[in-house]
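The values are calculated or read from the model by the stated rules, or taken from the named source; none is laboratory data. These numbers come from a predicted model, not from an experiment. FYI the Cβ positions are ideal-geometry reconstructions off the backbone, even for glycines, and counts take in every protein chain you see. Just the protein is used for accessible areas: all its heavy atoms, side chains included, with ligands, DNA and RNA removed. Shrake-Rupley method; radii C 1.70, N 1.55, O 1.52, S 1.80 Å.
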Amino acid sequence: MNLGNSGSLRTGRGTSEAASSDAHDAHRVARDAHRVAVRFSGVDFAHREAEVLKNASFHVHEGEFVALIGPNGSGKTTILRLILGLASPGAGSIEVFGAPPELARGAVGYVPQSMSFDRAFPISVEEVVRMGRLSGAGRGCLKGGCSDVDDALEMADVADLRDRPYAALSGGQRRRVLVARALASKPRLLVLDEPTANMDEESERRLYAVLGSLKGSATVIIATHDTDFVSALTDVVLCVNGRSGDEAPGGVARHASGPVERVSSGHYGGAILQVLHDTDLPDDARCVSCADGTAETAAPASAGAAPGSSPAEPQGGER
Amino acid sequence: MSFFSALFDPAMPFVRNALVAGILSSILFGVLGSVVTVKRIAGLAGAISHAVLGGIGLALYLSANKIVPGLPPIAGALVFALISAALIGLVSLKAKQREDTVINALWAIGMSIGIVFIAKTPGYADPMSYLFGNILLVSARDLVMLGVLDILVIVLAWRYYPQIEASAFDEEFARTRGVSTDAVFLVILGVTAIAVVLLQTYVGIVMVIAMLTLPAGTSGYFARNLAGMMAIGTLFSVAFSVAGLAISWGLDLPSGAIVVLVAGATFLAVSALRAGRKA
């Protein structure tokens, strides 16, 4: 089963080229929205007998930008690990692009939450990004001149750092390098775990600019412990162990989001949305029919979004 | 007679053997030592190297009592090394909360078994020679085995370099790219176990772990990547070996201990210089 990339990510192309392919991109985004990227069906997961997920069910369409929110310890990282095939559910089923997660790994890029690393480990930025081209026991992309690595470095805005030792970078730069590493495989699904934790505002702005450039061309799932606000890039808000009180413990609820009236301190490098925890949405809120996996995007999940607004043109308050 | 005169003396082939052993060992110390260092498994390698004494003692006992006539100590060492590597590897992967306890227990139990069997072995068997080694006793057969292991380690390191680098740098990410990190870990432990058995002839059980970490640790200050660390570590190890052998010959001191002291002094000096530069 070939679940690998299908050239779904935009690469560092010129302005005129980008303009000429906008129509093509729009068509592709609409086509991808018919497909389900991730589907959890009745998933249970326990860690050392502590129940983390109980009958969790949700699905995400291709091309959607998803905020997976919840307090610390709620199970966000567990969900990401299940998507990546790094953990197995106790019950229920998980599909990534219609296949078990272990078989879909080649199509998924992963940016870990906080990678503890040996500062004495001698390795350059380019070598870290090359790891993204690894596949099983293959030789990957050992030498320079690998265009996917060059593209990823450009996209993540770290091309000028390529020869620098990884340990010499700031925290924000390292996080963008890890994003580049995830992009090097041209993933159809990009999974980020708390990507802006302990990040300064400038680094956060640059990271979200990178993610914004992926909007619509890849499915993006971002886990964050900020349960009040999400980036305005967000199409879908999934609340893990939500706090509306309506959903069962261990579940994943789909909540609405809306524009922010006034924000004193900003997040996510630009426009943001407020999560409306009191407004639960059905799991098929963005579908006409999802049961058979041939979903069709029907309406933005954002309760306050302007009618007919494009998912690529986020609504929300500026910082 | 100076060390370098002895090298060319036809009546002293053991000196040339010692030098060749030092160079061949340096490849293992540089390449495998870099992997052990960046994987941070020096403690595990230390446990394996000490558990090896159990196999040596058992082999000496079985051979001396004609239970298994002619059983060489290296055979017992190899069996114990591989068994302890497998146990330590499984414990490390499956029982992380008790990892330290179990590994230290294997370390102590292996050594104790060795001491008990050596004590009950008829005749005289000196555990000191196994603990601290004697490079001047290296045989031509030892050199061939070291050469074969060098080739194996170089081929494995070249072929699986991306997997080794990724699993050492970020194991979880490596798994998401389909790398069998557990297999990489167990193979590294297994090869380290075999290397420890061959290398203990050179610097002994106690000090082999020092040579698996000091040249690589020193080269880590100069290398830009893991491959560079392996190459520079090998060069450092050659330098330490030649200097250590020459000094030990000149001052009539134990060669293994002097090689380790030269390596340790260089590592500490470089570390102090680096720390001073940062301050």
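Structure summary
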{"read-out": "Inter-residue pairs, beta-carbon under 8 Å, first in contact (Cβ under 8 Å) with a residue 12 or more places away in the chain and in the range B:71-100, second open to solvent by 80 Å² or more (accessible area, probe 1.4 Å), 6+ apart", "value": "B:91/B:98"}
{"read-out": "Given (1) farther than 30 Å from residue A:102 by Cβ; (2) within 14 Å of chain A (Cβ to nearest Cβ); (3) acidic (Asp, Glu), index of the condition residue B:172 fails", "value": "(1)"}
{"read-out": "Candidates B:177, B:141, filtered to the one that is more than 30 Å from residue A:84 (Cα to Cα), free of Cβ contacts under 8 Å to residues at least 24 places away in the same chain, open to solvent by 20 Å² or more (accessible area, probe 1.4 Å) and charged (D, E, K, R)", "value": "B:141"}
{"read-out": "Residue, nearest to the other protein chains (Cβ to nearest Cβ), within the range B:197-228, restricted to residues that are assigned to a helix (DSSP H, G or I) and among the polar types (S, T, N, Q)", "value": "B:219"}
{"read-out": "Qualifying position, being more than 23 Å from residue B:89 (Cβ to Cβ) and away from chain A (no Cβ under 14 Å), among B:110, B:123, B:114, B:190", "value": "B:123"}
{"read-out": "Some residue of the range B:250-266 being surrounded by 22 or more Cβ atoms within 10 Å (Cβ to Cβ), within 22 Å of residue B:84 (Cβ to Cβ) and of a type in the set (Gly, Ala, Ser)", "value": "yes"}
{"read-out": "Unique residue being more than 10 Å from chain B (Cβ to nearest Cβ), at positive phi, in contact with a Lys or Arg (Cβ under 9 Å, 6 or more places away or on another chain) and open to solvent by less than 20 Å² (accessible area, probe 1.4 Å) when the list is A:75, A:85, A:63, A:98", "value": "A:63"}
{"read-out": "Answer from A:124, A:116, A:135 - the residue that is more than 29 Å from residue A:276 (Cβ to Cβ), loosely packed, with under 15 Cβ neighbours inside 10 Å and either within 13 Å of chain B (Cβ to nearest Cβ) or more than 18 Å from the chain's Cα centre (by Cα) (or both)", "value": "A:116"}
{"read-out": "Condition check for residue B:178: within 14 Å of chain A (Cβ to nearest Cβ) and at pLDDT below 95", "value": "yes"}
{"read-out": "Boolean, residue B:231 is assigned to a helix (DSSP H, G or I), at pLDDT 95 or above, farther than 10 Å from residue B:33 by Cβ and more than 10 Å from chain A (Cβ to nearest Cβ)", "value": "yes"}
{"read-out": "Lone unmet requirement of (1) open to solvent by 50 Å² or more (accessible area, probe 1.4 Å); (2) in contact with a Ser or Thr (Cβ under 8 Å, 6 or more places away or on another chain); (3) assigned to a helix (DSSP H, G or I); (4) more than 27 Å from residue B:108 (Cβ to Cβ) for residue B:70", "value": "(3)"}
{"read-out": "Exclusive hit being open to solvent by 10 Å² or more (accessible area, probe 1.4 Å) and in contact (Cβ under 8 Å) with a residue 12 or more places away in the chain, set A:206, A:181", "value": "A:206"}
{"read-out": "Residue in the range B:246-263 that is assigned to a helix (DSSP H, G or I) and within 14 Å of chain A (Cβ to nearest Cβ) present", "value": "no"}
